Amino acid sequence: MRRDNISGNRLWTWQKIVLWLSIAAILAAAIGFSWNPTPLAQALAAIFIACALIHAALAYGTRRASILFAMCSAIAFTTENLGTATGFPFGSYHFEVGADLPHIGLVPLIIGPSWFGAGYFSWTVASILLDGADRQLDRPFNLIALPVVAAFVMTQWDLVVDAPNATIAKVWIWHDGGGVFGVRLSNYLGWLLNSWLIFESFALYLRRSELPMPARMSFELSVTGILFYIGAGLTQIVPWIMGQAGEAVDARGYGWQVHDIGEATVAILLFTMVFTALLAALRLQRLASSNSSPTAFGAERTSPPRHEYTP
């Protein structure tokens, strides 16, 4: 029996090693190649979305993960089509990427799932920052605060990637340009609004759901969520390190040096996404070190709350 236990522990250790190596390989590939809009980058985006779905299924269950995916896609396609048709809420723009892909209205098919990929890991980071608020949505404060914080965490990602993707890579085009290297402030306000709609809808669903759910997200899943969140932003470091040169011109005819856009993007990344991920990691480590009991993530309850698994 003891030999079987040792063998089983070794197998589990190797499985964890392979899993973490796989995660590292996915993130390394995404960081190294996702900055350039190529078929490889689209394939990596699909893998990133698949990882988000798997993570969500492990953290919340398959049904909740599927509903969040559907919510993200439905809301994103609605607002993106509204935006491309009317200019509200993001501004006047159109997509250049995915011209050969199927579209839903005026929007490439990959855009809706991409909102889920970035949105889900932003939600995970926000949940960590708020001490596991996603598992305590019966509290009115968490029901309001978590979607708001998650929306800001999500919009930080767009603040990092939008200008280089629009002005340099021409993934999408802002018709009227804008002050943030060709991107208007209205875009980021639109992202904040759209993200909040997605997260508030998901929070309300989680609060009313009758399905059982683990009392808290595991330490490993939380770490993975932080890594995928920051990995999505680190993609912008590679072109800056490569020293891309030349001039990028927006739809108004305003021009900037490509290297200047890259340097500004890295500065924004360091003081938004990297800082937020660092806060989440520190918060997670503090909780892990000070709460070895089932009361971690702020769940200072004397009895299990409704819908949580019990031993």
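Can you give the FRET efficiency to the nearest 0.05 for L185 and N81, using r as the Cβ-Cβ distance and R₀ = 30 Å? That pair, L185 with N81, gives E of 0.90. Our analysis of the stretch 118-161 gives Rg over Rh at 1.00, with the two radii drawn from alpha carbon positions and Rh computed by the Kirkwood formula. Only protein heavy atoms count here; on that basis, with a 1.4 Å probe, Y205 has an accessible area of about 50 Å². Computed over the alpha carbons of the chain, Rg followed by Dmax gives 20.4, 74 Å. In plain terms, the chain from L221 to D176 could stretch by 12.1 nm, reckoned as 0.36 nm per residue minus the Cα-Cα distance.
Can you compute the FRET efficiency between L101 and S289 using 1/(1 + (r/R0)^6), with r the Cβ-Cβ distance and R0 = 41 Å? Round to the nearest 0.05.
Numbers: r = 46 Å, r/R0 = 1.13.
With R0 = 41 Å, the Cβ-Cβ based efficiency is 0.35.
Dividing the summed -39500 (n - 2.57) terms of all DSSP H runs of n ≥ 4 by the residue count of the chain sets its mean residue ellipticity at 222 nm at -21500 deg cm²/dmol.
How much length is gained on full extension from L211 to Q15, taking 0.36 nm per residue of separation minus their Cα-Cα distance?
Values: separation 196, 0.36 × 196 = 70.56 nm, distance 2.91 nm.
Between L211 and Q15, full extension yields 67.6 nm more.
Using 0.36 nm per residue of separation minus the Cα-Cα distance, give me the extension gain between A70 and A25 in nm, one decimal.
Details: separation 45, 0.36 × 45 = 16.20 nm, distance 2.79 nm.
Result: 13.4 nm gained on full extension.
Over the stretch 16-60, the ratio between the Cα radius of gyration and 2.2 N^0.38 Å evaluates to 1.23.
Under the criterion of Cα pairs below 8 Å and six or more residues apart, the relative contact order for the stretch 27-108 equals 15 percent. For the stretch 169-218, the ratio of Cα radius of gyration to the globular rule of thumb 2.2 N^0.38 Å stands at 1.83. Under conditions of 4 °C and 1.567 mPa s, the stretch 100-224 yields 81 µm² s⁻¹ as its translational diffusion coefficient, taking Rh as the Kirkwood radius over Cα pairs in the Stokes-Einstein equation. Across the accessible surface of the stretch 103-186, with the other protein chains kept in place and a 1.4 Å probe, carbon and sulfur atoms take up 72 percent. Projected onto their three principal axes, the Cα atoms of the stretch 46-109 cover extents of 38, 24, 15 Å, largest first.
The values are calculated or read from the model by the stated rules, or taken from the named source; none is laboratory data. Small disclaimer: the values here were computed from a predicted structure and weren't measured. Note that we place each Cβ from the backbone using ideal geometry, even for glycine, and neighbour counts take in every protein chain shown. For the accessible areas, the whole protein counts, side chains as well, though only heavy atoms, and no ligand, DNA or RNA atoms are used. Shrake-Rupley method; radii C 1.70, N 1.55, O 1.52, S 1.80 Å.
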